[in-house]
Each structure stands twice: as C-alpha cells, then as structure tokens.
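Enquirer: Sharing a structure below in structure tokens format, with a few things to ask.
Readers should treat all values here as calculations from the given coordinates under stated rules, not as data from a laboratory. Predicted model, so just to flag it, every value in this text is computed and none were measured. Backbone-built Cβ (ideal geometry, glycine too); neighbour counts: all protein chains shown.
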C-alpha cells in the first residue's frame, strides 16, 4: 500500500503550507517526506525538533492537529484535510469540552483468559502456542499493524481475514485446526525462511479463530486484578480507554534502543536506527539522502543495507567496537552459519554501494543550524579522540543496541535481572518463561536482548505455560522443539551481546552544554553539578535537574544517564537506580483516565464513543480487522530485514 | 508564561560515615526529620545530631505529596500548630537562604451540598476565632478567584460556595527538603542515607542507641520521625502506636500554560488541584480504603476521582497525565498527629500526620525539636500527646482534608 512519497492521494496543511501524503502515512512520515524538519520548538532553548525515535517512545515529534492537544507525529495517521501545526511550548486550553463520565469504575471487569501484550515475534508466537492449546487469546499492540519493530509491516497491512480467504495456505488451513498455522510458521522459522518477514506468523495469528488482535492499543498501566490471581490492564487508544482483566498475562513488550547523547544529537535529522527503519518499512520514506549510520551492534548493518537498497547514500557505518575485539568475541558465531550468511549478505550490499564500515570509532558531534549538516567521527581510545573526520550528511542514525522495555513488568512487581555492563534491566524468568509474579509470563526482548529467533521460541514456551496454567494441555512435542531451538538461538544471542560491549568511557565525548534529557533540556553540566552537590542516586539527580521528568519520563535519557553518572558515583549502573519506575507506562489524557470515553476531538474519531464501554474497544477493532485488503498482504523488500540479535 | 526555576546552591550536604555516638539520633530523613534536626541545632544549639534515612533524603512522602500549605483546621490545637507552621513558611526562604518557592496563592475548599455549606461556614467562624485568615465565598466569588471552576448547577457536584484562605498556597517540596538538609548539614548535623534501623536498644527504661544496617549507633535520645513506619519502629520496643497506613495517590500532567491561579480542594469529590511553578497540574486523589505500605493505589480510585474532577474542571480533560504515584498516609483514630514523649525515656515519637504532614513541616520541626531538647512538649504540640487515646482528650479533625480519614 505505501508508495514512495510524492504520489500523495490526500492533502493536509502544516503551519499553513499545503502538503500531500499517501494514505496510511503517519503525520511524521508525511512531514519528513515533504522535507519538514521542524515539528516543534523547545521551551527552554528554543531549538527545532522533529522525529527522533520514530516509534512513539520519545515524544520529541509533538504536533497539534486542528489546534488540539499535542500528539506524536510518528504514530498519528495523517487524514485528508488535517490542519497540523507545531506542538510548541506548553499546551494551551483552547477548544476544551466538558465530558460526562460514562464508565462506572466499579463495574465488573471484562475478564480474558490470556492477554498477550506486544505483537512482535514473541507475542505472536505466544498467542499462537496458547491458541493452539485451546485458549482464547487477546493480543494487544501499540502499533498500527502487528509485527512489532522487527516484523514491521507497511502502513495499512492486513494479514488476512478471519475466514482466511485472502491469507496464505497456512492460515486458511487453520480454521478448525489445532496444529497447522503455528506449526507451519514454526517450521518456516526453524529453517530460517519464514522468519524473514514474519508474514506467515502474522497470517496465522490473523486467521486463528481463538486470537483477537487489537492494534493501536497501548497498555498504559498494569496492576493486580480483582481475583486472587490475575492482572488488570488499562488500555488506551486515541480517543478511548478501557480496562481488561487477564487471568494470565504474557508480556512481550520488546525493547527500546539505547540512545547515547553526543553534542548536537538533538538536531533534527539525528534519529535512532530503529526510527529510520520504521520510516522506511512502514512508509517507504528515507531518513535522508546522505546518511551516516553509527553506534554499536548488529542492528546497524541491516539498517544501513536497507537504506542503501532504498536508494540512500550511506556515507559510512561507524561501530564503536573495534574489528579486532569484535572478531575475537564473535568467534562463537562459527556455530551459526545462517546468521553469518545473513551478515555476509548485509556486508555484500554495503560493499556494492561502496559504504565504508569503520570500527573502533564513534560519532562525537553533530553540527548544523536548524538541522544536521555534518557529523564528526573520531577513533576512540585511551589517548582520547584521534583521527577526527567530518562528514557532510543530512541524516544520522545512531543507536547503541537495545534496552528491554520492562515498565509493565516492573509495575506488577516482577523481579528483574541487571545486565552486567549495560544500563537497564530485564524481566527475570524461569525455564517456563514465568516471572516472579504468579500468572504473569514474559518472552522476547523484555527478558533480555536476544533477537527475533530467541523471541519466537520464548514466546512459544510462554504461551504454552500460560495455557497450562489455565488448565489446557499444550503440545509437548512443540515445547521440546522450542526448548532445543532456544538453546541454540540463545548461544548466538549471548555471543552477539558480548561482541558489542558498551564502552564505559563514552561520556568522554559529552560537552558541558550537551543536552542529556531531550524533554526538559537538561545539560550534562547540570547533571555533573548535581553529582557534585551531593546526589547519591538517579532520583536525587532527577529532583535536582528535572532530568527524566518530561513527556517521555526518562525512557530515552534514563539508561544513558544511568550509564554516564554511575562511574562518577563510584557505582555499577544497576546500583544508581532508575528514572522511570512509576505506574504509568505511557501518558494518557485525564479525560480518558477518568473513564470519559471519547476525547474532546471524539467527533473526528469514529472509535471514540465505542471505547467508553469496557469491552467495545477491542471488539470495534476486531471488526475493522476483518476488512482484509488483498493488495497489501505482500511486504515490500524493505520489510525483509531481520537479524538475530538485532531485536 | 511559566517560570524558570531558580538555580540551587553549589553544595547541598556531606554524605558522612556514621559516628559511634550522637546526642540525638532522628530516625527518618523526610521533611519532618530534617526540619527537626535543623531547629535542634538552630534553636537549641544541639548539633551532635544524626538523621538516619533508609533510602534517600526526602524520598518518601516528602517527594510524593501535593505541596498544599494551609492552616484552616477546625480545632484550636490544630490551628495553633498549623498556623505556627504557616508563619514559619512565610519567612522560611530567608531563614534557610534557599528558594523554596512558597507561593501564597490561596486555597479554596468547595462546598457541594447544604450540609457542606453549613460545615464550611462553621469552619470559617472557628478559624477566625483561632486567628486564621478565613473567608466564605459564594459561587460567584469562587469563580472570581478561580475562573476555570465550573459553577454550573447542573453537575453531580455543584459548587454552592467555598471556604477560602488567602495566605495558603504551595511550595516546591524538593527544595524545602534540600533547604532544611543543607542548613542542618551546615550546622554540623550528619545526614546518613541508606541506613536502615533494625533495632532500638533500651536499658532500664531508657533508650541507649540503635542497631542499623550500617552498624550500631549510640544515642542519648532517639526521635522517631518515620511517618507510617513509626509504628514498625515503635514495635521494636514493644510500643503499639494507634496508626494505620493507607496508600494515597497523586498524579501530574504535562506542562500547560498558566490557567489555574489558586489551589482547589473538594472534600466530597476527594480531589485537590494546583498548577505547579513550571506549569504542570498536580492532582491528588483519595485514599485506598485498605491498609498498605505499598506506594501505589488502585486504578479505580483515580478513575472515580478524575471523572468527578472533570466536572469541576472541564478544561483538564485533554491534559495528559505523565505519571501517577502513591504515598502512604498514616492516620490515627482522631485524624490528628502524635507528637511527644513515649513511656520510654529518651524516645520520642512524631507520626500520624495523615495528609497534613507537608504543610506542618516547619511547625512540627520547631515543636518536636523543643520536645526533644527539653524532654517536655512545646505548648503547641502538648495537645498531640500519645496518651490522649487513653485519656480521651482527642482532637477530632476528621473531615479536615479533601481526603476522608
């Protein structure tokens, strides 16, 4: 469905200027395609901001539609005739409406046997495994389409109708079957084929009669349920919020990219690799025409290769890991020929495009007036920065691997494991993917970064465990297969994790005026001051500086701040605390928190009223999900990227 | 436009190793503990003092309250100590040489029924007799003070009037804690974080020291100031405090243009709202009915209160809540605090402040320091003695706050 920008079928306005967009495009993608790099102006420093994370995590791309409250351009679809303006300064109050509360908070909750949060590889696999065992599954995902970050599908993608008419053979055989759809996906993945796109899994899930898929739905809060065992979830989608009670829960919430600040990283045009990937995969929009890809980890290669194939000039791939060190640490990958083959494919693509791949170096500064115009790359080492070199660019994709997204698990009180060297933590699970909280299972990146293959098999075990807890009898043979595959895949994941360590000396490239917290514009100088003033942990630093107190609540700056201040406090990263530990996993309008159902702009949102009934939100979506679009079930090439260990 | 926050001073406090012995050890590094340490040093010259905190300074209720400051309580005893606190608040920034951002923007307490109106008028009269500035406003006057309040008669909780204390307001809670901590530290008080008390040593009916996760610490006097956990500490020496702890939730929104010029409380709705200095709305909800030390509460409590709050403030509907949190309110049978001596010599207790703890901070610090220094209560906290629950001389402040307790 998405086409290269410029063949727009709908028109909208931004700051009075008329622009075109393809149907299904996000506001962010449409603005980016039109060359707009100034989505909002920051309050304190008056700087322009645009897309950064690209996947709804950072809240840097806030705009207003029709003068309404701020929305994230990256996850808000553009509609014909939208009047979009910059999400500048503090919010105002124009156009507010009085809402009559319509939901009784004490009414009996809508109870589901199994809710799976996250429809990436782990969540899809968990849903299939449980559904095959006979359990009714509700699969929630914040994205516009299922697939998560790694199996992201083009905007408007429909995996198929429940009747299976537009879906593939695996899916159509699923109706009334107890074995086929998951089995065929599993078989495909095991051979390293179906994992390529995840389309087989998406089709199987879409066609399964016992799986209800609810997209565009963010779980903003998780709390103990009313029953002895079980969990209550507050779910939001624009204009609607409802609660669901789950007898069992599988958390497959994935991971977020680790961002490390550097001077100029808040300039428009600096994105995360995942943000650039999302623009390309979902909307067919290139992040820039001259792009530098930097950071560390195996995810940089498919991103760079994808950008090359889509026609961008990638000026270099810069990885902080030295070739010698990485080569030594990655020797264990010899046991994973499929993975090496994949890597070789990316390198061939990069070599064909004459993209230099530089190791042991990092982006140490970005420059530009209102958007990034050049970056400085330097060799890192004990003797400071050497071999500094300037690259003219119009986009930079910088990411340092991934951090498990643990907010929901944390608010439920699940035990966590700290990574020995990186910031952040992972949900602790046993061999059945059970967390420390009864009835709550976790799978995929949220339990530690392992990539799509690990996620898939962990999901299968988590789904089977949840099914068993509900009294169903999952297929023992498939669990054995999953465990075997998992051992193999985890070996690769562990090897990759060790291959791309985070250099604890990275804060050396920070300048005193480098912004660390993008939301509140807290500089490195203020954080260092807070440490010198007597702070002994992250929370004191937060209180003194407001670092982590803005829209994203420290999801972007928290891990980097943790990593940067730990040595100054003389502590390992895990001992300085976390910035974001509060119950809300995402901001929610007060009107929705109040159970008011539709928002003030409810008239523009056909789902708004339906969401006020506790169970109407999911059903409304299930209905719309039945409208399969036969033209959109084939993913374009850009959707083909996958790398184990890349998340 | 919203204000930029002032820069704080360059140095806040030392992080010393605990000494083997102190004249006074205060257990609890929240606002009350820090204020007590400061006034012990400043008013009484007692500086061989440690404040022990099991987490980080001011990380409990001090970091979790909604910062409302007022003194319009019903009974003379309450009005006395809260009004003493309010007078101290008025000079506190200068006294501590620290910008605590005390903003006397007034507090409205809304009446939604004829019974509320009569009760409010009674409070206004009582407050005036106690020397507290108090006014009764009709709905039109409420609208003048706070234009965004919906005074339409056609809502579930119509506004029929309000009590109004113009000298009341809000302060920046972190800065208050740091101001006291820095000033206490400068006078020689040791602030010891990450130090949990695991036992209290008593010999011949007199306290001699504490056992902690950082080793034993000798103490001439021990002043408990640990809010709801005071009862856990008191239990270590066989003392049962009549305190129950409940979760109480609050939330904060994105930054918004200035729209809400005062503080509005509503007892019937169980909600209280102000707009903080940077522009975020700070809203408090009611307590969860069950007892708990977990710093979170049930979603339905927030849902219910926000839905009622939106009738009063329809403009808030589209403001995003960025975070919610819970604190612990420690409540006694008469909803008034316990501040004073205990049956054990040299052991003092200060707890049970319910939702009044923040606003009382300088006042209770002043009086509790006096109590510890002289081994007898200050006249202002004398009515808040522990044995009132056996003598019957209660100070019934139920219904004094927007939170029913």
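Enquirer: If the chain between residue A:513 and residue A:309 were fully stretched, how many nm would it gain, using 0.36 nm times the residue separation less the Cα-Cα distance?
Expert: So the chain would gain 69.7 nm between residue A:513 and residue A:309.
Enquirer: Got a sec? How would A:542, B:278, B:87 order by Cβ neighbour count within 10 Å, fewest to most?
Expert: Fewest to most other Cβ atoms nearby, the residues stand as B:87, B:278, A:542.
Enquirer: While we're looking at this one, here's another question. Output the 0 to 90 degree angle, nearest 10, between the alpha-carbon long axis of helix B:31-44 and the longest principal axis computed from the alpha carbons of chain B.
Expert: So the inclination is approximately 60 degrees.
Enquirer: What is the order of A:151, B:13, A:456, fewest Cβ neighbours within 10 Å to most?
Expert: Fewest to most other Cβ atoms nearby, the residues stand as B:13, A:151, A:456.
Enquirer: State, as an integer percentage, the relative contact order of the stretch B:123-208 based on alpha-carbon contacts under 8 Å between residues 6 or more apart.
Expert: Averaging sequence separation for qualifying contacts and normalising by length gives 20 percent for the stretch B:123-208.
Enquirer: Taking the DSSP beta bridges in the protein assembly as shown as the whole, what percent of them are antiparallel, to the nearest 5?
Expert: DSSP beta bridges in the protein assembly as shown are roughly 65 percent antiparallel.
Enquirer: Put one equal scatterer on each alpha carbon of the protein assembly as shown, apply the Debye formula with no solvent term, and list log10 I(q)/I(0) at q = 0.04, 0.05, 0.06, 0.08 1/Å to two decimals.
Expert: -0.21, -0.32, -0.47, -0.83
Enquirer: Can you compute the radius of gyration and Dmax for the stretch A:471-601, using only the Cα atoms, both in Å?
Expert: Here Rg and the maximum Cα pair distance are 20.9, 60 Å.
Enquirer: Can I get the semi-axes of the stretch B:154-218's equivalent ellipsoid? Compute them from the C-alpha gyration tensor as square roots of 5 times the eigenvalues, in angstrom, largest first.
Expert: Numbers: eigenvalues 381, 80, 34 Å².
So the equivalent ellipsoid measures 44, 20, 13 Å along its semi-axes.
Enquirer: How large is the Kirkwood hydrodynamic radius of the stretch B:274-391, counting all unique pairs of alpha carbons, in Å? Intermediate values should be presented prior to the final figure.
Expert: Numbers: mean 1/r = 0.0588 Å⁻¹.
With all distinct Cα pairs of the stretch B:274-391 included, I get 17.0 Å.
Enquirer: Can you pull the Rg over Rh of the stretch A:309-467, Cα-only, Kirkwood?
Expert: Across the stretch A:309-467, the Cα-based Rg/Rh ratio is 1.06.
Enquirer: Ranking request for peptides A:55-68, A:511-524: highest mean number of other beta-carbon atoms within 10 Å first, then the rest in descending order.
Expert: Averaged packing, sorted descending, gives the order A:55-68, A:511-524.
Enquirer: Okay, moving on. Per the Debye formula with a single identical scatterer at each Cα and no solvent contribution, what log10 I(q)/I(0) holds for the stretch A:40-85 at q = 0.13, 0.20, 0.21, 0.29 Å⁻¹?
Expert: -0.29, -0.65, -0.71, -1.11
Enquirer: Between residue B:128 and residue B:236, what is the label-to-label distance in nm when each label sits 7 Å out along the Cα-to-Cβ direction?
Expert: Result: 5.0 nm between the two label points.
Enquirer: Across peptide A:541-551, what mean number of C-beta atoms from other chains lies inside 10 Å of a residue's C-beta?
Expert: Mean shielding by partner chains, rounded to a whole number: 3.
Enquirer: Please express the Cα-Cα pair-distance distribution P(r) of the stretch A:427-540 as a list of whole percents, one per 5 Å bin, running from 0 to the bin with the greatest distance.
Expert: 2, 10, 14, 14, 11, 8, 10, 10, 9, 6, 4, 1
Enquirer: If you don't mind, another one. Project the alpha carbons of the stretch B:303-349 onto their principal axes and report the range along each, largest first, in whole Å.
Expert: 56, 23, 14
Enquirer: Give me the one-decimal Kirkwood hydrodynamic radius in Å for chain B, with the sum taken over alpha-carbon pairs.
Expert: 21.4 Å
Enquirer: By count of other Cβ within 10 Å, fewest leading, how are B:38, B:290, A:441 ordered?
Expert: B:290, B:38, A:441
Enquirer: For the stretch A:312-381, I need the span (max minus min coordinate) of the C-alpha atoms along each principal axis, in Å, sorted largest to smallest.
Expert: Per principal axis, max minus min of the Cα coordinates gives 48, 30, 16 Å.
Enquirer: Further question: Per q in 0.15 Å⁻¹, report the Debye log10 I(q)/I(0) for the stretch A:263-352, using one uniform scatterer on each alpha carbon and no solvent.
Expert: Calculated log10 I(q)/I(0) at the listed q: -0.62.
Enquirer: Something else now. Which percent of Cα pairs goes in each bin when the distances of the stretch B:180-324 are cut into 5 angstrom slices starting at zero?
Expert: 2, 8, 13, 14, 12, 11, 11, 11, 9, 6, 3, 1, 0
Enquirer: What order, most packed first, do the peptides B:363-372, B:200-209 have when packing is the mean number of other Cβ atoms within 10 Å of each residue?
Expert: For the peptides B:363-372, B:200-209, the packing ranking is B:363-372, B:200-209.
Enquirer: Starting from the Cα of residue B:387, move 7 Å in the Cα-to-Cβ direction to define the label point; list residues of the stretch B:203-241 whose amide nitrogen is under 14 Å from there.
Expert: none
Enquirer: Right, next: Let me have the relative contact order for the stretch A:383-429, percent, based on Cα pairs under 8 Å that are six or more residues apart.
Expert: Relative contact order, the stretch A:383-429: 30 percent.
Enquirer: Roughly how compact is the stretch A:204-316, stated as its Cα Rg over 2.2 N^0.38 Å to two decimals?
Expert: Working it through for the stretch A:204-316, the quotient is 1.47.
Enquirer: Only Cα pairs under 8 Å and at least 6 apart count here; give the relative contact order of chain B as a rounded whole percent. Let's see the in-between values first.
Expert: Values: 984 pairs, mean separation 93.9, N = 405.
Once normalised by length, the contact order is 23 percent.
Enquirer: Within 10 Å of each Cβ in peptide B:304-314, how many partner chain Cβ atoms are there on average? Round it to a whole number, please.
Expert: Taking the mean over all residues of the peptide, I get 6.
Enquirer: Given the Cα-Cα distance of residue A:383 and residue A:44 and 0.36 nm per residue of separation, how much length would full extension add, in nm?
Expert: 118.5 nm
Enquirer: In addition: Provide, as a two-decimal number, the C-alpha radius of gyration of the stretch A:358-427 over 2.2 N^0.38 Å, N being how many residues it has.
Expert: Relative to the 2.2 N^0.38 Å estimate, the stretch A:358-427 comes out at 1.60.
Enquirer: Can you figure out the FRET efficiency of residue B:294 with residue B:345, using R₀ = 35 Å and their beta-carbon distance, to the nearest 0.05?
Expert: Efficiency for this residue pair is about 0.50.
Enquirer: Ok, one more. Once the Cα atoms of helix B:299-312 and of chain B are each reduced to a long axis, what angle between those two axes, in degrees from 0 to 90 to the nearest 10, is obtained?
Expert: Compared with the principal axis, the helix lies near 40 degrees.
Enquirer: Right, here's the next one. Roughly what would the spin-label model give for residue B:19 and residue B:376, points 7 Å off Cα along C-beta, in nm?
Expert: Between residue B:19 and residue B:376, the simple spin-label model gives 2.8 nm.
Enquirer: Another question about this same structure. On a 0 to 90° scale, report how tilted helix B:76-96 is relative to the longest principal axis of chain B, with both axes built from alpha carbons and the result rounded to the nearest 10.
Expert: On a 0 to 90 degree scale, this one is about 80.
Enquirer: Something else now. Taking 0.36 nm per intervening residue step and subtracting the Cα-Cα distance, what contour gain separates residue A:473 from residue A:575 on full extension?
Expert: 32.5 nm is the gain from fully extending residue A:473 to residue A:575.
Enquirer: Report the paramagnetic label zone for residue B:214: residues of the stretch B:153-187 whose backbone N is under 14 Å from a point 7 Å from Cα along the Cα-to-Cβ axis.
Expert: Only B:185 pass the distance filter.
Enquirer: For the protein assembly as shown, what does -39500 (n - 2.57) per DSSP helix run (n ≥ 4), summed and divided by total residues, give at 222 nm, in deg cm²/dmol to the nearest 500? Don't skip to the answer; put the middle values down first.
Expert: Values: 26 runs with 293 residues, N = 1052.
Here the helix-only value at 222 nm equals -8500 deg cm²/dmol.
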